[in-house]
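One structure below.
The values are calculated or read from the model by the stated rules, or taken from the named source; none is laboratory data. Remember, predicted model here, so these are calculated numbers, not experimental data. Neighbour counts run over all protein chains shown; Cβ positions are idealised from the backbone, glycine included.
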Amino acid sequence: MRIATWNVNSVGARLPRLTAWLERVAPDVLCLQELKCDDDAFPVAALAELGYEVACHGTGRWNGVAVLSRVGLADITRGLVDEPTYSGALQPRAIGATCGGVRVWSVYVPNGRAPDHPHYAYKLRWLDALDATVRAEGGAARPFAVLGDFNIAPADDDVWDISLFAESTHVTEPERKALAALSDGGLREVVPRPLKYDRPYTYWDYRQLAFPKNRGMRIDLAYASPSVAETVTDAWVDREERKGKGASDHAPVVLDLSG
DNA sequence: ATGCCTCTGGGGCAGAGA
(Lines give C-alpha, C1' and ligand atoms only; values in the text may rest on other atoms or scores of the structure.)
Protein backbone atom coordinates (compact mmCIF):
# COMPACT_ATOMS: atom_id res chain seq x y z
CA MET A 1 0.00 0.00 0.00
CA ARG A 2 1.12 3.54 -0.79
CA ILE A 3 0.10 6.34 1.62
CA ALA A 4 1.00 9.98 1.00
CA THR A 5 0.50 13.46 2.43
CA TRP A 6 0.54 16.80 0.63
CA ASN A 7 -0.20 20.37 1.65
CA VAL A 8 -1.65 21.54 -1.67
CA ASN A 9 -2.19 25.22 -0.77
CA SER A 10 -5.71 25.33 -2.27
CA VAL A 11 -7.26 22.20 -3.76
CA GLY A 12 -9.06 24.35 -6.32
CA ALA A 13 -5.96 26.09 -7.62
CA ARG A 14 -4.01 22.81 -7.51
CA LEU A 15 -6.61 20.53 -9.12
CA PRO A 16 -4.81 20.07 -12.49
CA ARG A 17 -1.56 19.22 -10.73
CA LEU A 18 -3.35 17.09 -8.14
CA THR A 19 -5.05 14.89 -10.71
CA ALA A 20 -1.84 14.59 -12.74
CA TRP A 21 0.07 13.64 -9.60
CA LEU A 22 -2.52 11.02 -8.63
CA GLU A 23 -2.18 9.44 -12.08
CA ARG A 24 1.62 9.53 -11.96
CA VAL A 25 2.23 8.36 -8.37
CA ALA A 26 -1.02 6.46 -7.78
CA PRO A 27 -1.20 6.49 -3.98
CA ASP A 28 -3.84 4.29 -2.37
CA VAL A 29 -4.45 6.90 0.31
CA LEU A 30 -3.65 10.63 0.16
CA CYS A 31 -3.91 13.09 3.03
CA LEU A 32 -4.43 16.69 1.93
CA GLN A 33 -4.02 19.93 3.85
CA GLU A 34 -4.79 23.61 3.20
CA LEU A 35 -7.78 22.90 1.01
CA LYS A 36 -8.99 26.52 1.14
CA CYS A 37 -12.29 25.09 -0.02
CA ASP A 38 -15.81 24.65 1.32
CA ASP A 39 -16.96 21.04 1.57
CA ASP A 40 -19.68 21.92 -0.95
CA ALA A 41 -17.06 23.08 -3.46
CA PHE A 42 -14.65 20.16 -3.08
CA PRO A 43 -13.87 18.60 -6.51
CA VAL A 44 -15.31 15.19 -5.62
CA ALA A 45 -16.25 14.25 -9.20
CA ALA A 46 -12.78 14.82 -10.68
CA LEU A 47 -11.28 12.55 -8.03
CA ALA A 48 -14.01 9.92 -8.34
CA GLU A 49 -13.07 9.61 -12.02
CA LEU A 50 -9.63 8.51 -10.85
CA GLY A 51 -11.14 5.97 -8.46
CA TYR A 52 -10.88 7.90 -5.20
CA GLU A 53 -13.43 8.34 -2.46
CA VAL A 54 -13.17 11.59 -0.52
CA ALA A 55 -13.68 12.63 3.08
CA CYS A 56 -13.18 16.37 3.46
CA HIS A 57 -13.43 18.92 6.25
CA GLY A 58 -13.21 22.50 5.08
CA THR A 59 -14.81 25.89 5.55
CA GLY A 60 -13.52 28.01 2.72
CA ARG A 61 -10.78 30.55 2.75
CA TRP A 62 -8.37 29.04 5.29
CA ASN A 63 -7.26 25.61 6.50
CA GLY A 64 -9.16 22.48 5.46
CA VAL A 65 -8.10 18.81 5.39
CA ALA A 66 -9.12 15.70 3.48
CA VAL A 67 -8.44 11.99 3.07
CA LEU A 68 -8.63 10.44 -0.41
CA SER A 69 -8.73 6.67 -0.70
CA ARG A 70 -9.14 3.99 -3.32
CA VAL A 71 -8.97 1.17 -0.74
CA GLY A 72 -12.09 2.05 1.24
CA LEU A 73 -13.07 4.97 3.41
CA ALA A 74 -14.96 4.29 6.64
CA ASP A 75 -15.54 5.66 10.13
CA ILE A 76 -14.87 9.29 9.19
CA THR A 77 -14.12 11.57 12.13
CA ARG A 78 -13.91 15.35 11.79
CA GLY A 79 -11.92 17.19 14.46
CA LEU A 80 -10.02 16.10 17.57
CA VAL A 81 -11.00 15.07 21.08
CA ASP A 82 -11.51 18.30 23.07
CA GLU A 83 -10.10 20.32 20.18
CA PRO A 84 -9.25 23.91 21.20
CA THR A 85 -10.72 26.93 19.46
CA TYR A 86 -8.99 30.04 18.13
CA SER A 87 -10.76 33.37 18.56
CA GLY A 88 -13.75 31.37 19.74
CA ALA A 89 -14.05 29.15 16.67
CA LEU A 90 -13.09 25.61 15.75
CA GLN A 91 -10.97 25.36 12.61
CA PRO A 92 -10.97 22.42 10.16
CA ARG A 93 -7.52 20.96 10.78
CA ALA A 94 -7.97 17.23 11.39
CA ILE A 95 -9.89 14.40 9.77
CA GLY A 96 -9.63 10.68 10.38
CA ALA A 97 -10.78 7.72 8.31
CA THR A 98 -10.14 3.99 8.11
CA CYS A 99 -8.67 2.99 4.74
CA GLY A 100 -7.62 -0.51 3.77
CA GLY A 101 -7.40 -1.57 7.39
CA VAL A 102 -5.32 1.41 8.51
CA ARG A 103 -6.67 4.23 10.65
CA VAL A 104 -5.38 7.38 8.92
CA TRP A 105 -5.42 10.98 10.15
CA SER A 106 -4.73 14.02 7.96
CA VAL A 107 -3.66 16.99 10.10
CA TYR A 108 -2.84 20.64 9.54
CA VAL A 109 -1.19 21.86 12.73
CA PRO A 110 -1.58 25.60 13.43
CA ASN A 111 1.38 27.71 12.28
CA GLY A 112 1.90 29.60 15.55
CA ARG A 113 3.03 32.77 13.77
CA ALA A 114 5.43 33.91 16.55
CA PRO A 115 6.36 32.51 19.98
CA ASP A 116 4.67 35.45 21.74
CA HIS A 117 1.54 35.34 19.58
CA PRO A 118 -1.74 33.80 20.82
CA HIS A 119 -1.61 31.51 17.78
CA TYR A 120 1.47 29.84 19.27
CA ALA A 121 -0.35 28.97 22.51
CA TYR A 122 -3.21 27.68 20.35
CA LYS A 123 -0.71 25.54 18.43
CA LEU A 124 0.54 23.88 21.64
CA ARG A 125 -3.02 23.28 22.91
CA TRP A 126 -3.94 21.83 19.52
CA LEU A 127 -0.96 19.44 19.64
CA ASP A 128 -2.08 18.29 23.12
CA ALA A 129 -5.50 17.49 21.66
CA LEU A 130 -3.88 15.58 18.80
CA ASP A 131 -1.92 13.44 21.26
CA ALA A 132 -5.08 12.87 23.32
CA THR A 133 -6.97 11.81 20.19
CA VAL A 134 -4.26 9.34 19.14
CA ARG A 135 -4.26 7.81 22.62
CA ALA A 136 -8.06 7.74 22.82
CA GLU A 137 -8.14 5.79 19.56
CA GLY A 138 -5.49 3.37 20.83
CA GLY A 139 -3.27 4.41 17.95
CA ALA A 140 -0.10 2.62 19.04
CA ALA A 141 -1.85 -0.73 19.33
CA ARG A 142 -3.48 -0.91 15.90
CA PRO A 143 -2.60 -0.13 12.26
CA PHE A 144 -2.50 3.65 12.55
CA ALA A 145 -0.87 6.65 10.89
CA VAL A 146 -0.96 10.41 11.37
CA LEU A 147 0.29 12.40 8.41
CA GLY A 148 0.26 16.05 7.55
CA ASP A 149 1.72 19.51 7.81
CA PHE A 150 2.92 19.65 11.42
CA ASN A 151 4.52 23.08 11.08
CA ILE A 152 7.39 21.79 13.24
CA ALA A 153 10.92 20.95 12.16
CA PRO A 154 11.88 17.94 14.32
CA ALA A 155 15.61 18.79 14.46
CA ASP A 156 17.90 21.69 13.68
CA ASP A 157 19.02 19.95 10.50
CA ASP A 158 15.44 20.12 9.28
CA VAL A 159 15.76 23.80 8.37
CA TRP A 160 18.27 25.20 5.88
CA ASP A 161 19.94 27.53 8.40
CA ILE A 162 19.07 27.18 12.07
CA SER A 163 20.79 30.48 12.90
CA LEU A 164 17.97 32.29 11.10
CA PHE A 165 15.31 30.73 13.36
CA ALA A 166 16.37 32.13 16.75
CA GLU A 167 13.12 34.04 17.28
CA SER A 168 10.92 31.75 15.21
CA THR A 169 8.26 29.15 15.66
CA HIS A 170 8.65 25.64 14.16
CA VAL A 171 11.90 24.92 16.03
CA THR A 172 11.10 25.68 19.68
CA GLU A 173 11.47 23.14 22.46
CA PRO A 174 7.74 23.05 23.40
CA GLU A 175 6.81 22.28 19.80
CA ARG A 176 9.39 19.51 19.59
CA LYS A 177 8.20 18.13 22.94
CA ALA A 178 4.77 17.77 21.39
CA LEU A 179 6.29 15.56 18.69
CA ALA A 180 8.12 13.59 21.39
CA ALA A 181 4.77 13.00 23.10
CA LEU A 182 3.52 11.20 20.00
CA SER A 183 6.62 9.02 20.08
CA ASP A 184 6.26 8.43 23.83
CA GLY A 185 2.73 7.24 23.10
CA GLY A 186 4.12 4.51 20.89
CA LEU A 187 4.08 6.03 17.41
CA ARG A 188 7.24 6.10 15.30
CA GLU A 189 8.24 8.83 12.92
CA VAL A 190 8.82 7.60 9.37
CA VAL A 191 11.53 9.85 7.93
CA PRO A 192 11.56 10.06 4.14
CA ARG A 193 14.65 10.18 1.95
CA PRO A 194 15.34 13.16 -0.27
CA LEU A 195 15.47 12.60 -4.01
CA LYS A 196 18.20 15.24 -4.25
CA TYR A 197 20.63 16.92 -1.82
CA ASP A 198 21.17 15.66 1.71
CA ARG A 199 18.02 16.72 3.59
CA PRO A 200 14.42 15.60 2.94
CA TYR A 201 12.88 19.06 3.02
CA THR A 202 9.18 19.23 2.22
CA TYR A 203 8.56 22.99 2.09
CA TRP A 204 10.28 25.83 0.28
CA ASP A 205 9.02 29.42 0.38
CA TYR A 206 7.77 30.82 -2.91
CA ARG A 207 9.98 33.89 -2.45
CA GLN A 208 13.62 34.64 -3.16
CA LEU A 209 14.45 31.48 -5.12
CA ALA A 210 14.12 29.37 -1.99
CA PHE A 211 13.50 26.17 -3.96
CA PRO A 212 16.38 26.38 -6.45
CA LYS A 213 18.67 27.42 -3.59
CA ASN A 214 17.27 24.55 -1.50
CA ARG A 215 16.41 26.80 1.41
CA GLY A 216 13.81 24.40 2.70
CA MET A 217 12.22 23.00 5.83
CA ARG A 218 11.09 19.52 6.79
CA ILE A 219 7.71 20.13 8.38
CA ASP A 220 5.41 17.65 6.63
CA LEU A 221 5.71 14.53 8.76
CA ALA A 222 4.41 10.98 9.11
CA TYR A 223 3.92 9.10 12.37
CA ALA A 224 2.89 5.45 12.35
CA SER A 225 2.11 2.72 14.82
CA PRO A 226 4.74 -0.05 15.06
CA SER A 227 2.55 -2.44 13.05
CA VAL A 228 2.56 0.02 10.15
CA ALA A 229 6.11 1.33 10.58
CA GLU A 230 7.48 -2.23 10.39
CA THR A 231 6.01 -2.63 6.91
CA VAL A 232 7.60 0.52 5.45
CA THR A 233 9.72 -0.42 2.44
CA ASP A 234 10.44 3.13 1.28
CA ALA A 235 9.60 6.74 2.12
CA TRP A 236 10.52 9.73 0.00
CA VAL A 237 9.78 13.38 -0.77
CA ASP A 238 8.53 14.01 -4.29
CA ARG A 239 10.45 17.25 -4.90
CA GLU A 240 9.64 17.06 -8.62
CA GLU A 241 6.15 18.21 -7.71
CA ARG A 242 7.56 21.46 -6.30
CA LYS A 243 8.91 22.44 -9.73
CA GLY A 244 7.30 24.51 -12.42
CA LYS A 245 4.33 26.79 -12.80
CA GLY A 246 1.42 26.37 -10.45
CA ALA A 247 3.22 24.31 -7.80
CA SER A 248 2.27 24.23 -4.14
CA ASP A 249 4.97 25.50 -1.79
CA HIS A 250 4.96 22.01 -0.20
CA ALA A 251 6.04 18.74 -1.83
CA PRO A 252 4.25 15.44 -1.22
CA VAL A 253 5.69 12.85 1.17
CA VAL A 254 5.13 9.23 0.06
CA LEU A 255 5.25 6.07 2.20
CA ASP A 256 5.40 2.63 0.61
CA LEU A 257 4.22 -0.28 2.74
CA SER A 258 4.50 -3.98 2.03
CA GLY A 259 1.24 -5.89 1.99
C1' DA B 1 19.47 26.24 -9.95
C1' DT B 2 13.93 24.65 -13.32
C1' DG B 3 13.34 30.34 -11.86
C1' DC B 4 13.11 35.93 -7.73
C1' DC B 5 5.40 34.77 -3.91
C1' DT B 6 0.70 32.77 -4.03
C1' DC B 7 -3.74 31.92 -2.40
C1' DT B 8 -8.71 33.51 -1.29
C1' DG B 9 -12.61 36.60 -0.69
C1' DG B 10 -14.36 40.37 -2.17
C1' DG B 11 -13.54 44.32 -4.31
C1' DG B 12 -9.19 47.82 -6.69
C1' DC B 13 -6.60 45.51 -1.17
C1' DA B 14 -5.68 42.60 3.14
C1' DG B 15 -4.62 38.52 5.74
C1' DA B 16 -2.18 34.28 5.99
C1' DG B 17 1.50 31.40 5.12
C1' DA B 18 6.46 29.74 7.90
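Take the residues in segment A:195-232 that are in a loop (DSSP other than H, G, I, E, B), away from DNA strand B (no atom under 12 Å from the Cβ) and not polar (S, T, N, Q); name whichever of them is surrounded by the fewest Cβ atoms within 10 Å (Cβ to Cβ).
Filtering first and then ranking leaves A:E230.
For A:E240, work out the one condition from (1) over 25 Å from A:C99 (Cα atoms); (2) assigned to a loop (DSSP other than H, G, I, E, B) it doesn't fulfil.
(2)
For segment A:39-95, how many residues meet the condition of being within 13 Å of A:V29 (Cα to Cα) and acidic (D, E)?
1
Select, from A:E167, A:E137, the only residue that is away from DNA strand B (no atom under 15 Å from the Cβ) and out of contact with any Asp or Glu (no Cβ under 6 Å at 6 or more places or on another chain).
Just one listed residue meets the conditions, A:E137.
If you check A:A181 against the conditions, is it touching a residue at least 12 places away in the same chain (Cβ under 8 Å), buried (at least 18 other Cβ atoms within 10 Å of the Cβ) and among the small types (G, A, S)?
In short, no.
Scan segment A:238-254 for residues that are at pLDDT 95 or above and within 21 Å of A:L35 (Cβ to Cβ) and jot them down.
Scanning segment A:238-254 gives A:D238, A:E241, A:R242, A:A247, A:S248, A:D249, A:H250, A:A251, A:P252, A:V253, A:V254.
Kindly establish whether A:A74 is within 13 Å of A:L18 (Cα to Cα) and touching a Ser or Thr at 6+ places or on another chain (Cβ under 7 Å).
no
Inside segment A:1-78, counting only strands (runs of 3 or more DSSP E) that do not spill past its ends, which hold 1 or more residues that are within 13 Å of DNA strand B (Cβ to nearest atom)?
Strands (runs of 3 or more DSSP E) meeting the threshold: A:2-7, A:29-33, A:65-69.
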